[in-house]
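A quick write-up on the structure given underneath.
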Amino acid sequence: MNKALSKLLVVGTLGVLAAGALAIGRPVPQRAAGELLAVSAPPAPVSSVRTDTIHSGEPLLAVLQRHGLEHDEANRAIADMSLIDARRVRAGTQVTALVHPDSGVQNVTFQLAIDRIVRLVRNGESWMEVEETLPWTRDTVAVAGVINSTLTGAIVESAVQFPTSARTELAYAIANVLEYRVDLSRDLRVGDSITALVERETAPNGLVRTGKVLATRSKIAGSAIDAVRFDDEDGESQFYDAEGRSLRAGFLRAPLEFRRISSVFGSRKHPVLKTWRKHNGIDYAASTGTPVRAIGDGTVIYAGWKGGYGKTVEIRHKNGMVTRYGHLNSISVRNGARVKISNTIGKVGMTGLATGPHLHFETLINGVHRDPRAALKDVSGEPIRVADRDAFQLRRNALFADLTARVYAMQDDAANVAIPGMGIGPRARTRAVGAGN
Ligand SMILES: [Zn+2]
């Protein structure tokens, strides 16, 4: 090795050590620095890193001063900031300052979210803001649950790949996929099964959250319901059944979002009149103020007080179907107004003959009461575009093959009972595999 090369190597080593020290905030080991001194320029003084969190009620000015900025300097920095609202910095936000022994604070980093930091960087007399988004990593997992009472209960119990805190969200995400086909607050039966292929996202700090639902395969009240997410050429994502019909149909199966419903009652003793009466609708218990949705496109034909129903909205849809929403706390549509599916038409309340907040919901066809379950049964969505059909079939086959394989692997692993069975035994296995093609 010649002399010039060995000198280069030594300088190179110094560079690496200094960078390492910057990153971890510790000074370069004294001995190493001394040895290197003999063959190269004096080492630059080493910056230090200091991390803590914003105290409750602490003004940003004080935070910056505490991290080494002069009063005027901190004021200037705050004036230059646009990504951080000085009046809204949250207590507990992590703040890290990089301080140089000679030139003072070099930068101050605010960890605003798990995946977002904003860094104030000294730029001569002024300060510059740099925003960084930290990458989440993503993988795909399968979940399989059996209904003992509710969808949420089944997912919370079985989606062990997710932290408990994320499982309820996952149940809601699955409910959103199925809400055109099933009223998950009342159609589920004990023993029904739900499986889903879901993206799992992991933050830089290890926190896990649910990503997109890619496919679900369910058996609900005796019917198989498949759903496949497919992005068309315009980047629009939609769910389709296995035959390629959009899950999005003309009607929602429930006038409240699944996550808002606390319970459902059918025919029962009237809570106020205390007599058994034929109850011509469904009562959804939900807290006062919960938005009520039009279950389909239509025209408002009644909006106002209606005897025991209290504040009531009635909507006429195509094919002579009328939907009625009673006991509302407030009404947000006028008589004669056109409404679209999912539009909010009012809020849950307890006006009229009601002892607690709930929504009374009815469907009438040509003036005759019909069970909404029957009235809304035969609705299926548009078929996928012909141009997308081949791509859809490939995607569907791949997703269902993946889901099926993962669910079987889970069951094989679970000779114990860590993962609840899906009601899919060897007999059903043949059917499930066949259905994927
Ligand atoms: Zn009712």
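Any read-out appearing in this document is the output of simple, stated calculations on the displayed coordinates, not a laboratory observation. Not measured: the values here are computed from a predicted model. Heads up, the Cβs are rebuilt from the backbone with ideal geometry, glycines too, and the neighbour counts pull from every protein chain shown.
In the structure shown, do any of LYS212/LYS347; LYS311/LYS340; LYS219/LYS340 have a Cα-Cα gap over 23 Å, and if so which? Flagged as over cut-off: LYS212/LYS347; LYS219/LYS340.
Approximating the spin labels as points 7 Å out from Cα along Cα→Cβ, the ASN123-to-PHE265 distance works out to 6.4 nm. Other residues whose C-beta falls under 10 angstrom from the C-beta of GLU169 contribute a net charge of +3, scoring Lys and Arg +1 and Asp and Glu -1.
The residues neighbouring GLY235, those whose beta-carbon lies less than 15 Å from its own, together hold a net charge of -2 under the Lys/Arg +1, Asp/Glu -1 convention.
With only the Cα atoms considered, segment 258-375 has a convex hull volume of 95 Å³ per residue. Evaluate the Kirkwood expression for the hydrodynamic radius of segment 138-238, namely the inverse of the mean inverse distance over all pairs of different C-alpha atoms, and round to one decimal in Å. About 13.9 Å for segment 138-238.
So how much slack lies between GLU236 and ASN335, counting 0.36 nm per residue of separation and subtracting their Cα-Cα distance, in nm?
Numbers: separation 99, 0.36 × 99 = 35.64 nm, distance 3.39 nm.
The span from GLU236 to ASN335 would gain 32.2 nm if fully extended.
Taking a ≥ b ≥ c as the square roots of the Cα gyration tensor eigenvalues, segment 47-134 comes out rounded, since a/c falls below 1.5.
What is the extension gain from ILE114 to THR137, computed as 0.36 nm multiplied by their sequence separation minus the C-alpha to C-alpha distance, in nm to one decimal? It would help to have the intermediate numbers written out before the result.
Working: separation 23, 0.36 × 23 = 8.28 nm, distance 1.28 nm.
Length difference between fully extended and current span is 7.0 nm.
Charge tally for ASP297 (other residues, Cβ to Cβ under 15 Å; Lys, Arg +1; Asp, Glu -1): +4.
Note on segment 258-375: with charges restricted to the Cβ of Lys and Arg (+1) and Asp and Glu (-1), its dipole about the Cα centre is near 40 debye. The stretch between THR53 and ASN397 holds 118.9 nm of extra length on full extension. This uses 0.36 nm per residue minus the Cα-Cα distance.
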